[in-house]
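No value in this document is a laboratory result; all are computed from the given coordinates. None of the values given here were measured: they were computed from a predicted structure. Every residue, glycine as well, gets a Cβ built from its backbone with ideal geometry; the counts of neighbours run over all protein chains shown.
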Amino acid sequence: MPESITAPGSAYLSALSQEIEKKLKRALESQNLLQELFADIALEVDIRARGIILRRDEVGDDEVEGDEEIEDETHLCFYDVLADHYVRVPQSGKAILDLIVQLWSQSFASHIFALLFHKWLFEVERENSEVLLRYSSALVQGATNVFWIDIQTNSRRFFSLFRYLLEDVALLPSRLNKITMQAQRDLYHLISRFILFYNLGDKLETFLNHFPVFPNAFLVGGPADIFVIELTDQLQKLKVEPVLLHYFSQMKVLQGFELRMTTSTRLKACLYSFTSPGGPMYPTRTVRHAAWEALDFLFPVGRYPRHLISLFFRLLYPWYWPSSCWNFVLSCISAVLYSLLRIIFSSWESLRRPKNHQL
């Protein structure tokens, strides 16, 4: 985000804040307006609005061109610019925050709070510390709700919110300590469940190194154990096939983790539950194969006995035989065709190469 915004940009954001306030007042009488307001602030900022909001004063042409390139490459939503606006001008969000508190029992109120005030909660200095205690749990609840919307739609619209909670809160003790211990625990559990979904597995080691020590840590294990427990619980709740496949592909980062025996067994059981057709998961063939790959990669010891046991139990259900035989035949045909094509192309390439004649 740019460091400074011109008067036209500030006026534009002030007008947006006034519209949000009007809708919140109307939402006191109609619950459907909150959902509409949430959809509005989650929209991506169009090019014309970006030019108004992000325009700088007294900058050279080179800087303007650089900013335009950055703006074209980033995914910028209205909640991104509004969250920064409420940090720069905290008083502009006071009326909106008071209305959200009145509407707290309605759905989508926590969603809107998390999107608009996640930066305000940590970056604005205030004398009354009770405000942080009051809103910290609300932030985690709202963030959980919006991240699940991304899960259900297999999108990354709220990626900037997640990255802020990870990089600018969870990894910065000065900000993390502003919220209650229970909110810290909930925040770390939340990040553990979604960090692989948002393709931030490369920051997993740093995240685990900053994991705070909670009072009952000796019961569940270290940070890696807590992370795996939250991850397995998340996998059990997922019903969207592309999201499940994405999680399985990202789970390679778990290789080498030192886990308790109970945690390791829990992870094995979770992955194994996705490898068999039928209830309670009813995974598709693609999901089953992805789960097998993740299971064999993370736990190579006992790979072949697991497959033999799985095959034995598959033989106990004759109604699965036709589909299994058909898929096996298709796999064999595909393997033979690919082998023939490789032989043909390699022969063709060898014929096209000029022969070296010895004099």
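Odds and ends about this structure:
- Sites residue 253 and residue 39, calculated FRET efficiency, Cβ-Cβ separation with R0 45 Å, nearest 0.05: 0.85
- Here's the picture: a label point sits 7 Å out from the Cα of residue 326 along the beta-carbon direction, and within segment 282-303 the residues with their amide nitrogen under 15 Å of it are 285-286.
- Per-pair calculated FRET efficiency, R0 = 56 Å: residue 172 and residue 338 via Cβ, rounded to 0.05: 0.65
- Calculated FRET value between residue 286 and residue 94, using beta carbons and R₀ = 56 Å, to 0.05: 0.65
- Segment residue 163-residue 48, extension gain: residue separation times 0.36 nm, minus the distance between their alpha carbons: 38.8 nm
- Annotation for segment 247-351: chymotrypsin sites (Phe, Trp or Tyr not before Pro) lying in DSSP loop with at most 13 further Cβ atoms inside 10 Å of their Cβ do not exist.
- Total formal charge among the other residues, if their Cβ is under 12 angstrom from that of residue 264, Lys/Arg +1 and Asp/Glu -1: +1
- The residues packed around residue 299, meaning those with a beta-carbon under 13 Å from its beta-carbon, carry a net charge of +3 if Lys and Arg are +1 and Asp and Glu are -1.
- Extension reserve of the residue 237-residue 301 stretch, reckoned as 0.36 nm per residue once the Cα distance is removed: 20.3 nm
- Taking a sphere under 15 Å around the Cβ of residue 141 and counting the other residues whose Cβ falls inside, with K and R at +1 and D and E at -1, yields a net charge of +2.
- Residues whose placed amide H lies under 5 Å from that of residue 77, excluding near-sequence neighbours: 45
- If a spin label sat at a point 7 angstrom from the Cα of residue 206 along the line to its beta carbon, the backbone N atoms of segment 130-165 nearer than 14 Å would be those of 163-165.
- Restricting segment 170-243 to trypsin sites (Lys or Arg not before Pro) in coil, as DSSP defines it, with at most 11 other Cβ within 10 Å: 239
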